[in-house]
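Scroll down for the structure; my scribbles are underneath it.
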Amino acid sequence: MEFHIHRALRERLKLDDLIFSYTGNVIFANVAASRKLAKELNEERGTETDPERTIHGGALFAMGLIDELNHALAALYRRQVDPRVLAEAVRWFGAQAKPEEVDRLLLQFAQEFPNTAIFRGEVTAADWLKGSTNGMPNREAALEELLMLWLANINPAFKPFRELFEDAGLREKTIYRSVTETFPSYFSTRPPLAPEVGSLLDVLRAPMLASPDSLTGQLEFI
């Protein structure tokens, strides 16, 4: 899994690099790509004349690290507690709406927030969703990425970087809003990560609740 950026922004800034990816037990971080992205975002924002809008590479790196640590936590949960949490989520949301609407949501997500292979045209979003990666069906991986996208959009400390993962298109064109609104209901039906900490979603949201406006505070909490 990797940190996803909106296609329109990737195209404008010609971003072809992986910034973060999570594989197994290792998080791979590309510091140079984070600095490059911060520099190009600042140029697009015109921060020379509006310094208050400046994005710092270190802050961008911290945000991406939080996202990938969330993926690592989700992987730990699947491995140790609930291996079918994502498979059952695809089925559960299909029952709440219609399977074809869930399909449309996942396809729209993969098109708007492509991974590097899709962005480079090595595979179409539709074909990618039919496959699997490291034993995980890509439809399930897309749903996890969708969860992380929603968390990014509701995290106050991520607000300075909102153009990277703005979800307005998904809200307008798909059932994204109804799915994300019922994430708490779904995860409450699954086993808790641990009795004292609650559901997987409770744990993923805990850092932003503990330190809503500080990336450093959230990393320290994690």
Among the residues of region 183-222, what is the count of those that are under 21 Å from Ala87 (Cβ atoms), modelled with pLDDT of 95 or more, of a type outside the set (Phe, Trp, Tyr) and open to solvent by less than 50 Å² (accessible area, probe 1.4 Å)? 5
Determine which single condition Leu193 fails, assuming it passes every other condition in (1) aliphatic (A, V, I, L, M); (2) touching a Phe, Trp or Tyr at 6+ places or on another chain (Cβ under 6 Å); (3) without any contact (Cβ under 8 Å) to a residue 12 or more places away in the chain. (3)
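Suppose we filter region 104-148 for residues that are assigned to a helix (DSSP H, G or I) and open to solvent by 70 Å² or more (accessible area, probe 1.4 Å); how many remain?
Of the residues in region 104-148, 5 are assigned to a helix (DSSP H, G or I) and open to solvent by 70 Å² or more (accessible area, probe 1.4 Å).
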Among (1) outside any helix (DSSP H, G or I); (2) at pLDDT 95 or above, Tyr77 falls short only on (1)
Please verify whether region 181-199 includes one or more residues that are among the aromatic types (Phe, Trp, Tyr), closer than 30 Å to Glu40 by Cα and in contact with a helix residue (DSSP H, G or I) (Cβ under 9 Å, 6 or more places away or on another chain). no
Could you please let me know if Asp82 is in a loop (DSSP other than H, G, I, E, B), within 30 Å of Gly198 (Cβ to Cβ) and open to solvent by less than 20 Å² (accessible area, probe 1.4 Å)? yes
Of the residues in region 109-146, those that are of a type in the set (Ser, Thr, Tyr) and modelled with pLDDT of 90 or more come to Thr124, Ser132
Picking from Asn155, Asn115, the residue that is touching a strand residue (DSSP E or B) at 6+ places or on another chain (Cβ under 6 Å) and in contact (Cβ under 8 Å) with a residue 12 or more places away in the chain would be Asn115
Residue in region 154-167 that is least open to solvent (accessible area, probe 1.4 Å), counting only those that are outside any loop (DSSP other than H, G, I, E, B) and at pLDDT 95 or above: Ala157
Scan of region 17-36 for residues that are open to solvent by less than 60 Å² (accessible area, probe 1.4 Å) and at pLDDT below 65, ordered by number: Ile19, Phe20, Ser21, Tyr22, Gly24, Ile27, Ala29
So, of the residues in region 55-74 that are part of a helix (DSSP H, G or I) and open to solvent by 30 Å² or more (accessible area, probe 1.4 Å), which turns out to be farthest from Ala152 (Cα to Cα)? Gly58
Of the conditions (1) under 25 Å from Gly169 (Cβ atoms); (2) at pLDDT 75 or above, the single one that Lys39 does not satisfy is (1)
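The values are calculated or read from the model by the stated rules, or taken from the named source; none is laboratory data. Because the structure is a prediction, the values reported are computed rather than measured. When we count neighbours, we look across all protein chains shown, and the Cβ atoms used for this are built from the backbone with ideal geometry, even at glycine. In case anyone asks, the SASA skips ligands and DNA or RNA and just uses the protein heavy atoms, side chains included. Shrake-Rupley method; radii C 1.70, N 1.55, O 1.52, S 1.80 Å.
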